[in-house]
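Read the structure below first, then the notes.
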Amino acid sequence: MIKQKLEEIINDQITAELWSSNLYLQMSYFLKHQGWEGFAHWMKAHSDEERRHAMRMADYLTDRNGQVKLKMVNLVPEGWGSVLEIFEHSLSQEKMVSKMIDKIVLHAIEEQDFATENFFRAFVDEQVEEEALFGGIVDKIRNGGEGSLLFLDSQLGKRKE
Ligand code: OFO
């Protein structure tokens, strides 16, 4: 049975994943409204991925006899000034999520809950990938400027899942 403090911070994490999912979904529709079909497609796929993360964590918590308590997911922003701003915002969201996951792993180690440590270590790796993914897009937009957006839009529109 999982300890209460861990149950609490895993529930916070599930909420954060769902908030990320909503944030990226809002970004997707905002981008689509601006005519950026490829970016919108990419962002929607990422929104789905965050929702899957939330469900994997909720399933894990249930398997460990913890209780999933879905908390209030706050409103997300509705608009941004540019495509670059959207990806910079996503990158900062991912950095915040990485810190939260590190905190769970640290707490699991302190509690000697090695199953939780092990489960969330996969997300530590996942976050390295995600920060690199978002950071790479931010770099491309910064380096290529406005002129690179059309090309990037078509490239990101090819994302499979
Ligand atoms: Fe991109 O955050 Fe999930 O884990």
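The values are calculated or read from the model by the stated rules, or taken from the named source; none is laboratory data. Quick caveat, the model's predicted, so the values are computed rather than measured. Counting neighbours? That spans all protein chains shown, and the Cβs are built from the backbone with ideal geometry, glycine included. Only protein heavy atoms, including side chains, enter the accessible area calculation; ligands, DNA and RNA are left aside. Shrake-Rupley method; radii C 1.70, N 1.55, O 1.52, S 1.80 Å.
If you go through segment 113-161 and keep only what is over 19 Å from Ala40 (Cβ atoms), in contact (Cβ under 8 Å) with a residue 12 or more places away in the chain, in a helix (DSSP H, G or I) and over 22 Å from the mean Cα position of the chain (by Cα), you end up with just Ala115. When residues in segment 1-46 are screened for being of a type in the set (Asp, Glu), open to solvent by 50 Å² or more (accessible area, probe 1.4 Å) and either within 10 Å of the ligand (Cβ to nearest atom) or under 14 Å from the mean Cα position of the chain (by Cα) (or both), 1 of them pass. Of all residues in segment 82-112, those satisfying the criterion of being over 16 Å from the mean Cα position of the chain (by Cα) and farther than 19 Å from Lys3 by Cβ are Ser82, Val83, Leu84, Glu85.
The residue that is surrounded by the fewest Cβ atoms within 10 Å (Cβ to Cβ), among those in segment 47-88 that are within 23 Å of Lys32 (Cα to Cα) and touching a residue at least 60 places away in the same chain (Cβ under 8 Å), is Asp48. Of all residues in segment 91-107, exactly one satisfies the criterion of being within 9 Å of the ligand (Cβ to nearest atom) and either of a type in the set (Gly, Ala, Ser) or not in a helix (DSSP H, G or I) (or both), namely Ser98.
From the set of residues in segment 119-139 that are charged (D, E, K, R) and open to solvent by 40 Å² or more (accessible area, probe 1.4 Å), which is farthest from the ligand (Cβ to nearest atom)? Selected residue: Asp139. Of the candidates Gln67, Gln13, the single residue that is polar (S, T, N, Q), assigned to a helix (DSSP H, G or I) and farther than 21 Å from Ser148 by Cα is Gln13.
Figure legend. Inter-residue proximity from segment 1-23: first residues over 10 Å from Lys71 (Cα atoms) and β-branched (Val, Ile, Thr), second residues open to solvent by 10 Å² or more (accessible area, probe 1.4 Å) and within 12 Å of the ligand (Cβ to nearest atom), beta-carbon distance below 9 Å, spacing 6+ or different chains. Indicated pairs: Ile9/Met100. The set of residues in segment 21-71 that are closer than 30 Å to Ser154 by Cα and among the aromatic types (Phe, Trp, Tyr) comprises Tyr24, Tyr29, Phe30, Trp36, Phe39, Trp42.
Residue under question is Met43, and the condition is that it be assigned to a helix (DSSP H, G or I) and more than 20 Å from Glu131 (Cα to Cα); does it hold? For Met43, the condition - assigned to a helix (DSSP H, G or I) and more than 20 Å from Glu131 (Cα to Cα) - is not met.
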